[in-house]
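A short reminder: the numbers here are calculations on the coordinates, not readings from a lab. The model shown is predicted, which means the values in this text are computed figures rather than measured ones. With ideal geometry, Cβ positions are generated from the backbone for all residues, glycine too; neighbour counts draw on all protein chains shown.
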Amino acid sequence: MSKWESNVRTVVPYTPGEQPKLDQMIKLNTNENPYPPAPGVEKVLREFDVNRLRMYPDPLVADLRNAIAKQYGVSFDETFVGIGSDDVLAMVFMTFFNSERPILFPDITYSFYDVWANMLRIPFEQLPLDENFQIRPEDYKKPNGGVIFPNPNAPTGELLPLSVVEEIVKANPDVVVVVDEAYIDFGGESALPLIHSYENLLVVQTFSKSRSMAGSRIGYCFGSKKLIQYLNDVKYSFNSYTIDAVTIALGKAAVEDQAYFEETRAKIIETREWTKQELKRLGFVFGDSKSNFIFATHPNIDNVALFEALRKAHIFVRHFNQPERIQPYLRITIGTQDEMKILIEFLENYLHV
Ligand code: PMP
């Protein structure tokens, strides 16, 4: 090791899901939306005046922030936008988790949380989910430096009722509590209304799942004006121009088409419930996911062998090696109805049903 390397900030990076380059495949491994973005998005892209790229984009991201704020009935000052919710969350970790006490999050959860905590040297404690992969709210009622959890949780898909989310927020008035609602639009009740009662609550959402825009990288969060101000101070200390001009215009078109949003999320929910019935028939075991994926295991089969067999057939799902408790599971994103039919047919053959 060279001497200079002793000063390097070494990190174990987050591993994103695979993005295979194949023309024909069924891609159920990264919780993307199988439907295209709202039709208005394509129109804006086609008509975008490239001359606008000469100039820096709006550092306030006002068009997009206003459109999001209007859609959700909050004010501009209660809305923050970032490059995907990963960027929003990274800024949140940097801004609000600045205590010597550990931040708290579940042991089985979005695997980026411990990466940010390690990178930013934030102490953390991972609280075990119960045997049914449920968060135990009482675990979050002890001194801490902040609280974060996804709702629904990932990769389990388990949803906490809003009353339990509020119970956790209420028990933690002295720290910032972050609810990561990447998957809330697939059947959960958002904690957004609570931001008016709790000035320390942040609710994070994304365009990547329910708005079919993972490729545009738009995430946002809602919180009290004070929280958003603190977050913006940190964001502008890194990079004033995070969202590019094209993305601002595309995002605005996406969020304004509420009818399309309702239609596509309803289709995904319907397909998810159909897939649950079929997987159950085939002997799979899983919780009652309220997200756009199902986290399933099968008592009689080796899931890694199944994962590889699916892969060979160009059907991609996700397997996590860590933590050990989730090794027997596969996370299957909900695709179109046709894609899920092909998956089920494959599984029937594989299981000789
Ligand atoms: N939170 C959770 C729980 C997620 O699963 C994801 C998707 N990987 C994200 C946040 C980040 O999504 P994005 O950056 O695309 O908004």
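Compute the distance from the alpha-carbon center of the range 266-324 to that of the range 127-141, in whole Å.
Here the answer is 23 Å between Cα centres.
What aspartates and glutamates could a cross-link reach from Lys280, if we take a straight Cα to Cα line under 15 Å and drop same-chain neighbours fewer than 8 places away?
Hits, sequence-local ones excluded: Asp288, Glu345, Glu348.
By counting other Cβ atoms within 10 Å of each Cβ, how are Val204, Val115 ranked from fewest to most?
Numbers: Val204 24, Val115 17.
Final ranking by Cβ density, sparse to dense: Val115, Val204.
Give the Rg/Rh ratio for the chain, taking Rg as the radius of gyration of the Cα atoms and Rh as the Kirkwood radius, to two decimals.
Ratio of gyration radius to Kirkwood radius for the chain: 0.97.
So if we plug the beta-carbon distance of Tyr241 and Leu351 into 1/(1 + (r/R0)^6) with R0 = 41 Å, what FRET efficiency do we get, rounded to 0.05?
The pair Tyr241/Leu351 has a calculated efficiency of 0.20.
Which of the aspartates and glutamates could be linked to Lys27 by a straight reach, that is with a Cα gap under 13 Å, when you skip same-chain ones fewer than 8 residues away?
Once the sequence-local aspartates and glutamates are set aside, what remains near Lys27 is Glu18, Asp338, Glu339.
Just the projected area, averaged over all directions, of the convex hull on the alpha carbon atoms of the range 244-294: how many nm²?
Over every viewing direction, the Cα hull of the range 244-294 projects on average to 4.6 nm².
Please order His314, His352 by the number of other Cβ within 10 Å, starting at the fewest.
His352, His314
Compute the Cα gyration tensor for the range 169-291, then decide on rounded, prolate or oblate, letting a ≥ b ≥ c be the square roots of its eigenvalues: rounded whenever a/c is under 1.5, prolate when a/b is larger than b/c in the other cases, and oblate in all that remain.
Verdict is oblate for the range 169-291.
If the limit is 21 Å between Cα atoms, which of Lys70/Lys252; Lys142/Lys209; Lys141/Lys226; Lys21/Lys312 go over it?
Beyond 21 Å: Lys142/Lys209; Lys141/Lys226.
Looking at the chain, identify the longest residue range that excludes and avoids all trypsin sites (Lys or Arg not before Pro) in DSSP loops having at most 15 other Cβ atoms within 10 Å.
142-353
Within 10 Å of each residue's Cβ, count the other Cβ atoms and sort Glu47, Glu166, Glu263 from fewest upward.
Ordered by Cβ neighbours within 10 Å, fewest first: Glu47, Glu263, Glu166.
Could you give me the radius of gyration and the Dmax of the range 211-353, taking only the C-alpha atoms into account and expressing both in angstrom?
19.7, 59
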